[in-house]
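I have placed the structure first, in the form of structure tokens, so that the comments after it can refer back to it.
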Amino acid sequence: MQDASMQEVDESMSEEDLLMEQESLKQEEYLETLDKMFPNTKQGTLKYYNKEFLKTKHYDQFWSQPEASSYCNAKVIIDGGVGWYNKSYGGKGKGKTNPDGTPTSFGDPGRELEQIRTEKYEGCWDNKTGEKAGPFRLNIKHYQSYTGSTKSHSFSDEIKTIVTKRSGGKCELCGHKGRTEIDHFIPKEKGGGSTLENANVLCQRCNDRKCNKDPEQFMKEEVNRFFNYYKERGMEEQLRQHFTNTLSNGIS
Ligand SMILES: [Zn+2]
């Protein structure tokens with residue numbers, strides 16, 4: 001009797017053990033994938049902190065851009081480096097510098113990480129919802145044989161200078177003047193090149209909304225958002241009229 005019940009317990013435990021082993025294998029696979037994606041990272045570089053950030057995650061766990069950004073910024077400063085938003089963080093010390101010796105911005109770590117997620121895509125971070133779960137998760141299968149670059153900010157300095165001048169320091173979509181980012185109009189994942197023609201200057205809000213959507217999809221979402229706002233306020237007809245006029249006569 002005692003032996004039989006013992007055996008029952010053992011069997012149920014071994015099933016649990018099996019599940020746990022599968023879980024730990026998946027986590028191991030995840031960490032191996034990170035090593036393939038980020039080989040030989042050097043402390044103080046953005047890739048290093050991106051990797052460290054992903055290592056804190058479970059293979060099945062979602063994360064958000066702001067979460068990645070704040071992790072990377074905090075860590076680089078703890079290590080005595082320059083924060084990516086060095087102005088607001090008052091970073092000092094090592095890190096990239098401009099020719100005049102001032103610290104440069106490395107770009108947005110969250111956005112860089114965005115290039116390497118995609119197992120499940122649930123839309124970009126929405127700073128209105130306050131949702132902290134984060135929409136990104138690593139696609140392990142896809143990146144097991146990863147050989148490409150995880151660098152998203154690959155516009156040349158010349159292109160960056162030209163488009164920044166062109167935009168007058170404003171977001172080319174909403175006109176917001178403040179911190180802007182240089183974005184691929186057609187996302188890199190969808191074949192867009194790091195060319196002048198494909199570069200546009202967006203504020204962080206617009207860029208987060210646009211994310212890696214192709215231009216047509218983004219256009220539809222933007223117009224729908226706008227259209228719904230006025231429709232719900234009884235201005236559907238005026239909006240239709242304005243759109244028709246604008247399309248045939250240009251902006252009035
Ligand atoms: Zn904007």
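The values are calculated or read from the model by the stated rules, or taken from the named source; none is laboratory data. What you are looking at is a predicted structure, and each value in this text was computed from that prediction instead of being measured. Backbone-built Cβ (ideal geometry, glycine too); neighbour counts: all protein chains shown.
Among residues of region 186-204 that are touching a residue at least 60 places away in the same chain (Cβ under 8 Å), those with a beta-carbon under 9 Å from a residue that is assigned to a strand (DSSP E or B) and not aliphatic (A, V, I, L, M) at least six positions away or on a different chain give the pairs 204/180; 204/181.
Scoring residue 163 on the criteria (1) part of a loop (DSSP other than H, G, I, E, B); (2) buried (at least 16 other Cβ atoms within 10 Å of the Cβ) leaves a single failure, condition (1).
For region 201-239, filtered to residues that are surrounded by fewer than 16 Cβ atoms within 10 Å (Cβ to Cβ), hydrophobic (A, V, I, L, M, F, W, C) and within 16 Å of the ligand (Cβ to nearest atom), the residue that is nearest to residue 166 (Cα to Cα) is 219.
Collect the residues in region 29-58 that are buried (at least 19 other Cβ atoms within 10 Å of the Cβ) and farther than 26 Å from residue 80 by Cβ, keeping them in residue-number order. Result: 30, 33. Only a single item in (1) among the hydrophobic types (A, V, I, L, M, F, W, C); (2) at pLDDT 85 or above; (3) within 30 Å of residue 205 (Cα to Cα) is not met by residue 31, and it is number (3).
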